[in-house]
Amino acid sequence: MCNIRPTFWTYMLLTFFKRLPIIAGFLTTTTGVYAQPANNDCSGAINLTTGTTCSNITGNITGATQSLAGCTGNANDDIWYSFTATASTATITVKGAASFNPVVQTFSTCGGASLGCVNNNGSGGTETQNLSGLTPGNTYWVRVYDFNNGTPANPTFQICVTVPPLPTPQDCGGGLSVCANAPFAGNPNGSGTVNDATGANFGCLVGGEHQSSWYYFSPISTGTLGLTITPSSTSTDYDWAIWGPVATISCPLTMAPVRCSSANGNNTAANITGLGNGAADLTEGSGGDGWVKALNVIAGEKYIMLLDNWTATSSPFTLTWQLGGGASLDCAPLPIGLTEFTGDKEKEEVLLKWVTATEVNNDYFTVEKSYDVISFEEIGTVKGAGNSSSFKYYNLVDPKPQVGINYYRLKQTDYNGKYTYSRVISVEFSKQNVLMNNIYPNPTTHHIYFDFYSPVGGTAHIQLIDYMGKLVSDEYKQLEEGKSVINVDMSDFSQGIYSLVVMFDKVGYSSVNKVIKQ
């Protein structure tokens, strides 16, 4: 027996050690290392469907590895998604599981500039990133990771991309232009796709919208303006409001109406209501008589008008104008039709792109350039679509940008020769491929980040100056050749506006940008 046992245990030990690599490999495979998810890097991003309502898909960061430095927290387990923009705005929503603290960051391209980073809530919270300035038709990349180091107990989350529905004539943003003094008829049906009521901006219309129609109008000569709204049915009660004058037609509304009536139809003859008729009051509630004071208007002013069928009978109306003192109407310019105007440096040129959602009598666009935002010169024209209610995409190349900052604006000309200007944009151009952009988040509560592109590495001098001209931060940051993401800590600063000064003497670069601490 004594001679047998050592032989037996020796055999067992030899068998165990012989199989140990197999056992160790099995344990490593099943308990320590997981296969990387398909969307571990941006090149394998999973496409998200964009819609007006949230269509969630489930994400799982198990086995994910870090792609690039985190914008906040620890990005050791980021995974990627992409979506194609269908409008100039979009909302990314990510809901983490109970132990998942989601960070959401969006990029212009795979490996491109960051469009922002959010992490406002803790584990199990919902993060929402609202994006603007997108180019419809372009693809954008989104990465998600857990804020904490390691893998959370429940490594899953829900993600979706939504866009606001396109406005209709029942929405403020889809209003129709009144282009003449002639009467016009309408028949609203529903309240549109956008909730335009935000409380105070509706004035006397405390009940919000029922069956609504929105209009824009602009006097081309000064005088007095009255109007009469006549329902086709004497049992239909129309309420209405006018906002203005406004510099540009822009929604949502941020002011109370200048004239407003929500009079009960039983108080008016045949439910007729409007501006004028000797009235002296500017607004009235349900107890009013249906009439408020006429408007004194000045040529070039712009107004927004809502007519709402309070009884929701789908019964039409007719509106007639009473114009005095030389007043006359023409089409109100629609700057809201221009949803995007951007410029990008491409090699030795600048590519200018713009998108319209609506066009009314649009003959052509003229692109103008300036070096001082005072004197502008024409660099090209592009034919417009005339009349359109769908997205139209335009572009023009500036073949000779100057080194430094170039300023651009659009001049939009109607068939009748009238024209309006867009906002001015700037594009920084350097033959040395030096560029600073994408300052985010701005405003900030903690840190400011920005991207810096340079053909050489070196040390940048970065300063922050408060609104009184006091230097509050003075530091040096190391730059890499190519792209560097720079972080400036503003956590201990007071709320206010600061000048961010960046100097890179090695290539003769300097710039000043405004940043806001909340």
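The values are calculated or read from the model by the stated rules, or taken from the named source; none is laboratory data. Owing to the predicted nature of the structure, the values given are computational and were not obtained by experimental measurement. Every residue, glycine as well, gets a Cβ built from its backbone with ideal geometry; the counts of neighbours run over all protein chains shown. Protein only, heavy atoms only, side chains kept; ligands, DNA and RNA dropped before computing areas. Shrake-Rupley method; radii C 1.70, N 1.55, O 1.52, S 1.80 Å.
Points worth noting:
- Scanning segment 40-53 for residues that are at pLDDT 90 or above, surrounded by fewer than 19 Cβ atoms within 10 Å (Cβ to Cβ) and not hydroxyl-bearing (Ser, Thr, Tyr) gives Gly44, Ile46, Asn47.
- Options Asp146, Asp196; residue that is under 25 Å from Asp77 (Cβ atoms) and either open to solvent by 30 Å² or more (accessible area, probe 1.4 Å) or touching a Pro at 6+ places or on another chain (Cβ under 7 Å) (or both): Asp146
- Of all residues in segment 380-406, those satisfying the criterion of being modelled with pLDDT under 90, closer than 14 Å to Val355 by Cβ and either in a loop (DSSP other than H, G, I, E, B) or among the hydrophobic types (A, V, I, L, M, F, W, C) (or both) are Ala385, Ser389, Ser390, Phe391.
- Of the residues making up segment 494-509, just one is open to solvent by 80 Å² or more (accessible area, probe 1.4 Å) and part of a strand (DSSP E or B), namely Ile497.
- Filter result (assigned to a loop (DSSP other than H, G, I, E, B) and either open to solvent by 40 Å² or more (accessible area, probe 1.4 Å) or β-branched (Val, Ile, Thr) (or both)) within segment 176-191: Val178, Cys179, Ala180, Asn181, Ala182, Pro183, Asn187, Asn189, Ser191
- Here segment 236-275 is the region considered, the condition is being part of a loop (DSSP other than H, G, I, E, B), modelled with pLDDT of 90 or more and open to solvent by less than 10 Å² (accessible area, probe 1.4 Å), and the residue that is farthest from Ala312 (Cα to Cα) is Ala263.
- Matching strands (runs of 3 or more DSSP E) fully within segment 113-171 where at least 2 residues are of a type in the set (S, T, N, Q): 126-131, 156-162
- Taking the conditions (1) within 40 Å of the chain's Cα centre (by Cα); (2) open to solvent by 10 Å² or more (accessible area, probe 1.4 Å) in turn, Val292 satisfies each one other than (2).
- Odd one out for Gly384 among (1) touching a Phe, Trp or Tyr at 6+ places or on another chain (Cβ under 7 Å); (2) free of Cβ contacts under 8 Å to residues at least 12 places away in the same chain: (2)
- Residue selection: Phe100 fails the criterion of being in contact (Cβ under 8 Å) with a residue 24 or more places away in the chain and under 30 Å from Asn395 (Cα atoms).
- Of all the criteria given as (1) buried (at least 17 other Cβ atoms within 10 Å of the Cβ); (2) hydrophobic (A, V, I, L, M, F, W, C); (3) closer than 30 Å to Val397 by Cβ, the one not satisfied by Val424 is (1).
Let's see how each residue does on (1) open to solvent by 20 Å² or more (accessible area, probe 1.4 Å); (2) assigned to a strand (DSSP E or B); (3) at pLDDT below 80:
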| position | (1), (2), (3) |
| --- | --- |
| Gly300 | yes, no, no |
| Met305 | no, yes, no |
| Ser314 | yes, no, no |
| Leu323 | yes, yes, no |
| Asp344 | yes, yes, no |
| Asp363 | yes, yes, no |
| Thr366 | no, yes, no |
| Val373 | yes, no, yes |
| Glu378 | yes, yes, no |
